[in-house]
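Each reported figure results from applying straightforward, stated rules to the coordinates on display, with no laboratory input. These numbers come from a predicted model, not from an experiment. Positions of Cβ are generated from backbone atoms using ideal geometry, with glycine treated the same way; all protein chains shown enter the neighbour counts.
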Amino acid sequence: MKQLKRAAAVLLAVCLIFSLAACGGVNIDKTAKNLHIEQAENIRVWYCDDRYTDYLNFVADRFHSANELVTIEPVLVDSDNYLENIYEESVRNGNVADVYLMLTDELEKASMMGLTVENSTYSDLYTQKNYGNSAIEAASYKGKLYGYPVTFDVPFLVYNKNAASSVETFSQLIDYCHNYTVNDDNQNVEQLVSWDVSDMLVNYGFVCGSVTIGGESGDDNTKLSADKDLLKKSLSEFVKLRDEFGIVRAETTLDSCADLFAQGKLAYTITDVSHLNTIAESGISYGVCNIPALSDDMQIENISENLCAFVNPYSSDVQTAKAVANAMSYDYAAAVNSTTGLLSSRTISINSKEYKDTYGKIYEIYSEADDKAKFMGAAYFYTKFDIMLHQVWDGTDIETSVNSFLSELKVQ
């Protein structure tokens, strides 16, 4: 069954990219066909997330069909010591990962290890028009573009159209709960509002931009700051939601909320791109909107996670490796969703109202999100931030939790 499902996904990917090519007059194999090499090249692509297997196999088949001198070999490896293993295999063992997929919060580390090559050959394609500012910023380090954006993750609110509608503020959501009545359309709903209050990416925006980690570009470890008054104010409003919706932190996960929503038992939940496929495949009629504002003057300010392809300077053919990375990011981007269940970082224009109302809204939310910091050591501060959120939700005094977190940032 799993193999059949994968075959169907690849077939759908082929149909989609050909339909887009026909509508837009675009040569989807342009990078492969324009790559002029004189001898056969084998390009290894390392990755550590099995969700990308079908997509990488698709890219390998398409690229080789367009340019028979290039064979792409996807290699699924363990995520532990990922960069260290890439370095060791490149330097000592000659088993080079010509291209590798990596979350951009490791970009400074990869750069310091000498495992990055500037994305210069195809840089004219990596514009805000094609990718949006968040993707370009995430793929850049110290003002230079290194990555080839492939997918992203960002949180948003989904609602069951049979039971609910879009909201702009949590006060509107609370009013909905207070005035909720059961009818034939919503009789399966068992819970009105719930989300994973433990997940850092999902809940980061609730501090409403009061915390800065890494500065505007996320790569400056000296840019650690916080607006203490706004932080305390936003957390006070955040905690009120616990009491209003009765969410117990230990009892909710992204998986459980997505499953409940997909079964038609949950009216609203905050989810992310990684869990959207569970909802989309359920057949539930759903809508997407921004996470509601805490109040008129406290808007949610999300962060996003980004996965890019990077070229290894130890590759024996850097130019061919660049071509493969570009094809993964740009040429075959329309096949990402059907093969991975994720969304391509490249903005794909599809003339469909359903697409624009759902995925289009997600891309809009993504374009306004800040990128997760990518300097070495940033994970420590995000962990401390996460602990602060957990503490205040579980009942710890806000002043105490905030002061503890700010002491880690060395902010008074």
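Using 0.36 nm per residue of separation minus the Cα-Cα distance, give me the extension gain between E368 and I37 in nm, one decimal.
So the extension gain works out to 115.1 nm.
Residues with beta-carbon under 13 Å from that of E137, excluding E137: net charge, scoring Lys, Arg +1 and Asp, Glu -1?
Result for the neighbourhood of E137: -4.
Report, in debye and to the nearest 20, how large the dipole of the chain comes out about its Cα centre when Lys and Arg carry +1 and Asp and Glu carry -1 on their Cβ.
I would put it at about 720 debye.
For D255 and H178, what does the FRET efficiency come to when R0 = 25 Å and r is the distance between their Cβ atoms, rounded to the nearest 0.05?
Approximately 0.30, to the nearest 0.05.
Per DSSP H run of at least 4 residues, take -39500 (n - 2.57); add these up for the chain, divide by its residues and hand me the 222 nm value, nearest 500 deg cm²/dmol.
It lands at -12000 deg cm²/dmol.
Distance between Cα centroids, the stretch 127-160 to the stretch 181-212: provide it in whole Å.
If we compute the Cα centre of each part, the gap is 24 Å.
Could you order peptides 151-161, 129-139, 286-296, 36-46 by the average number of other Cβ atoms within 10 Å of their residues, highest first?
Descending packing order for the listed peptides: 151-161, 129-139, 286-296, 36-46.
May I ask you to compute the full-extension gain from N93 to E73, defined as 0.36 nm times their residue separation minus their alpha-carbon distance, rounded to one decimal in nm?
5.4 nm
Among L83, Y126, V99, flag the residue with its Cα farthest along the positive direction of the charge dipole of the stretch 74-130, charges on Cβ as +1 for Lys/Arg and -1 for Asp/Glu.
It is Y126, whose Cα lies furthest towards the positive end.
May I ask for the net charge around A321, where only other residues with Cβ less than 11 Å from the Cβ of A321 are counted and Lys, Arg are +1 while Asp, Glu are -1?
Residues near A321 contribute -1 overall.
Compute the Rg/Rh shape ratio of the stretch 185-247: radius of gyration over Kirkwood radius, all on alpha-carbon atoms.
With Rg and the Kirkwood Rh in hand, the quotient comes to 1.14.
Hey, with R₀ at 45 Å, roughly what FRET efficiency would T53 and D397 work out to, going by the Cβ-Cβ distance, to 0.05?
E between T53 and D397, to the nearest 0.05, is 0.45.
Where is the GNM fluctuation largest for the chain (alpha-carbon springs, 10 angstrom cutoff): M376, M102, M113?
M113
Taking every pair of alpha-carbon atoms in the stretch 204-326, what share in percent sits in each 10 Å bin, from 0 to the bin with the longest distance?
So the P(r) values, bin by bin, are 10, 27, 29, 21, 11, 2.
Just subtract the alpha-carbon distance of M376 and K129 from 0.36 nm times their residue separation and send over the number in nm, one decimal.
Full-extension gain reported as 85.9 nm.
Near E216, within a Cβ-to-Cβ distance under 12 Å, what is the net charge of the other residues, with Lys and Arg +1 and Asp and Glu -1?
Value of the local net charge: -4.
Take each uninterrupted DSSP H stretch in the chain, measure its Cα extent along the helix axis, and return the ones at 30 Å or beyond whose mean Kyte-Doolittle hydropathy is at least 0.5.
Helices meeting the span and hydropathy rule in the chain are 2-24.
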